[in-house]
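Shown next, in structure tokens, is the structure this report addresses.
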Amino acid sequence: MTAPPNLPLRQAVRRSFERAAATYDEHAFLQREIADRMLERLQYIRLAPSRTLDLGCGTGYLTAKLAARDPQAQLLALDLAPSMLNHTRQRLASPGWPGWPGWPGWLGKLLGAAPTHHAICADAQLLPLAGESIDLAVSNLTLQWCDPEKIAREMVRVIRPGGLFMFTSLGPDTLKELRAAFRAVDDKPHVNTFVDMHDIGDMLVAAGFADPVMDCEIMTVTYTELMTLMRELKGIGAHNVLPERERGLTGKTRWAQLAAAYEKFRADGRLPATYEVIYGHAWRPEVTKRKTVDGQQAISLGEFKRMVGRP
């Protein structure tokens with residue numbers, strides 16, 4: 001397993017998505033499409049969760065779909081950016097979204113109904129959740145903004161034995177055209193780095209998950225001009241948040257150089273932007289095996305009793 005790449009700065013990630021909360025839904029068509037494709041995969045998995053976590057919920061598109069899928073489950077929507085969470089709260093409180101219960105919040109309180117949806121502002125790398133408290137954790141395009149090793153460890157901590165972690169992320173070929181075009185301008189990192197699918201699988205296994213299932217697909221979005229792509233990335237908060245990023249603004253000369261370099265990729269009159277989309281899921285095993293000093297596998301007495309069905 002290779003070492004994680006240059007990791008995004010957490011405060012920069014938070015600021016970026018705070019600023020993009022108002023424009024995110026306008027530009028996030030690709031993010032919605034990927035969320036829908038992940039949910040299609042979830043349909044083939046037999047699991048009836050009592051508590052579900054949407055890790056990195058953004059404006060709540062996936063959160064609402066999860067609420068509709070498992071209306072009986074308690075749903076936790078978690079995001080690093082408070083403004084994103086506000087949009088999620090508004091989406092879940094509004095009539096018309098799939099799975100909306102039809103009961104205004106004040107009426108539910110009057111009737112003594114327990115809340116089923118909770119918005120939590122927190123870092124996905126350090127969750128304010130009890131151990132083994134989640135049956136299903138779902139995350140759409142959040143891992144690439146985090147340290148995936150920390151995410152894997154937190155997921156195996158909070159997911160109950162027999163629970164599932166399902167996610168999407170972006171692989172190294174994502175925005176390869178933009179990365180190559182920037183290299184023609186200077187040697188600074190302008191595009192975030194992305195972890196390989198196989199490395200993510202290794203991290204999940206190292207954290208304690210069993211037999212991760214990983215696959216990927218290449219999605220290409222085309223544009224008439226480079227400025228449209230850059231506005232779209234800014235609109236969803238997808239800024240370069242690496243520690244060694246270029247801090248200054250791109251001047252007219254450098255922008256002209258960048259646009260000229262990107263033109264080399266134009267085909268059939270359109271400029272392509274490649275996205276390597278990773279889909280993965282892994283189960284928290286019912287039994288956690290540990291190696292002793294002599295290399296033997298060991299399990300706790302409690303785990304053994306669960307295996308043999310004894311009290």
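What the table below lists for this structure:
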read-out: Calculated from backbone phi, Karplus (6.51, -1.76, 1.60) coupling profile of the range 41-48 in Hz, x at Gly/Pro; value: 5, 5, 4, 8, 10, 8, 7, 10
read-out: Loop-located chymotrypsin sites (Phe, Trp or Tyr not before Pro) in the range 1-63 whose Cβ has at most 13 other Cβ within 10 Å (DSSP); value: Tyr44
read-out: Segment Ala260-Ile45, extension gain: residue separation times 0.36 nm, minus the distance between their alpha carbons; value: 72.7 nm
read-out: Gln72/Phe29 FRET efficiency (R0 35 Å; Cβ-Cβ; nearest 0.05); value: 0.70
read-out: Point-to-point label distance, Arg19-Thr193, nm (Cα→Cβ direction, 7 Å offset); value: 2.4 nm
read-out: Listed residue pairs exceeding 20 Å between alpha carbons, taken from Lys176/Lys234; Lys150/Lys176; Lys150/Lys188; value: Lys150/Lys176; Lys150/Lys188
read-out: Residue-wise HN-Hα coupling along the range 162-176, computed from phi with Karplus coefficients 6.51, -1.76, 1.60 (Hz; x: Gly, Pro); value: x, x, 10, 10, 10, 7, 10, 8, 10, x, x, 7, 5, 6, 5
read-out: Residue-count net charge about Met203 - beta-carbon cut-off 15 Å; Lys, Arg +1, Asp, Glu -1; value: -3
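Throughout, read-outs are computed from the coordinates displayed, never taken from laboratory work. The structure displayed is predicted, hence computed values, not measured ones. With ideal geometry, Cβ positions are generated from the backbone for all residues, glycine too; neighbour counts draw on all protein chains shown.
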